[in-house]
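Student: Take a look at the following structure, please.
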Amino acid sequence: LEEDAIRRKISGKRVLVTGAGGSIGSELCRQIARFEPAALIGLESGETPLFLIEQEMRKRFPSVDFVPEIGSIQDAVRLDEVFVEHQPALVFHAAAYKHVPLMEKHVFEAVENNIFGTRNVALAARNHGATDFVMISTDKAVRPTSVMGATKRVTEIVINALNQGRTKFVSVRFGNVLGSNGSVLPI
């Protein structure tokens with residue numbers, strides 16, 4: 001990794017991670033904390049996962065101002081509150097429904113969360129002056145054959161379309177992350 005460039009980007013900045021209690025979001029929090037942000041805001045809809053990552057962050061990174069925030073990416077009003085209060089410069093958007101078989105059974109929820117929720121976060125980032133927005137996508141967005149893959153592909157298109165102002169929007173595709181919740185190997 002180009003750690004000096006990463007440090008220059010993160011150090012002293014206010015950083016928001018959505019889905020902070022998930023396996024990918026929590027690992028993002030751990031990695032970001034190493035670069036000494038001014039504050040690390042963890043947004044999560046699940047109370048227990050947020051509590052657990054908060055406890056871990058306080059123990060492992062006591063000098064990092066970790067701010068836990070309960071909220072759903074589907075709630076644009078709540079997102080606005082978080083952005084107004086914390087003014088993050090960088091947003092790492094990991095919140096999403098990712099379990100392929102469940103999303104086949106819950107299509108509308110996948111669309112509401114993955115597409116509309118992502119749009120909510122991206123618009124909040126743009127409207128509140130974030131400089132960078134990184135969306136965590138999936139390899140399943142390449143020629144999607146599932147609802148989950150299709151919703152993530154649409155979010156990539158949405159993010160790309162917003163790349164016209166001062167906020168820089170990018171998507172990063174992850175493959176099957178070993179050890180993540182719902183990883184194919186343990187299943």
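Student: Only one of Ala20, Ala95 is touching a residue at least 12 places away in the same chain (Cβ under 8 Å), within 20 Å of Asn127 (Cα to Cα) and part of a loop (DSSP other than H, G, I, E, B); which?
Tutor: Being touching a residue at least 12 places away in the same chain (Cβ under 8 Å), within 20 Å of Asn127 (Cα to Cα) and part of a loop (DSSP other than H, G, I, E, B) holds for just one of Ala20, Ala95, which is Ala95.
Student: Please work out if Ala122 is under 12 Å from the mean Cα position of the chain (by Cα) and touching a residue at least 60 places away in the same chain (Cβ under 8 Å).
Tutor: no
Student: Here's a follow-up. Identify the residue in the range 23-45 that is of a type in the set (D, E, K, R) and outside any loop (DSSP other than H, G, I, E, B) and, among all such residues, is most open to solvent (accessible area, probe 1.4 Å).
Tutor: Glu27
Student: Something else: Give the range 161-187 a look and list any residue that's modelled with pLDDT under 65 and hydroxyl-bearing (Ser, Thr, Tyr), or say none.
Tutor: Ser180, Ser183
Student: Cβ-Cβ under 7 Å, sequence separation 6+ or interchain: first residue in the range 63-78 and assigned to a helix (DSSP H, G or I), partner surrounded by 15 or more Cβ atoms within 10 Å (Cβ to Cβ) and modelled with pLDDT of 95 or more. Which pairs?
Tutor: Close Cβ pairs satisfying both conditions: Ala76/Asn120; Arg78/Gly71; Arg78/Ser72.
Student: Going by the structure shown, is Thr48 hydroxyl-bearing (Ser, Thr, Tyr) and buried (at least 18 other Cβ atoms within 10 Å of the Cβ)?
Tutor: Judged against the criteria, Thr48 is not a match.
Student: Look at the range 115-172 and say how many of its residues are over 23 Å from Lys9 (Cβ atoms), open to solvent by 10 Å² or more (accessible area, probe 1.4 Å) and of a type in the set (Val, Ile, Thr).
Tutor: Here the count works out to 8.
Student: Shifting gears a bit: Quick one: in the range 61-82, of everything that is of a type in the set (D, E, K, R) and touching a helix residue (DSSP H, G or I) at 6+ places or on another chain (Cβ under 8 Å), which residue is nearest to Cys29 (Cα to Cα)?
Tutor: Of everything passing the filter in the range 61-82, Glu69 is nearest to Cys29 (Cα to Cα).
The values are calculated or read from the model by the stated rules, or taken from the named source; none is laboratory data. Only a predicted model underlies this, so the values are computations on that prediction, with no experimental measurement involved. Counting neighbours? That spans all protein chains shown, and the Cβs are built from the backbone with ideal geometry, glycine included. Quick note on the areas: whole protein, heavy atoms, side chains included, nothing else; ligands and nucleic acids left out. Shrake-Rupley method; radii C 1.70, N 1.55, O 1.52, S 1.80 Å.
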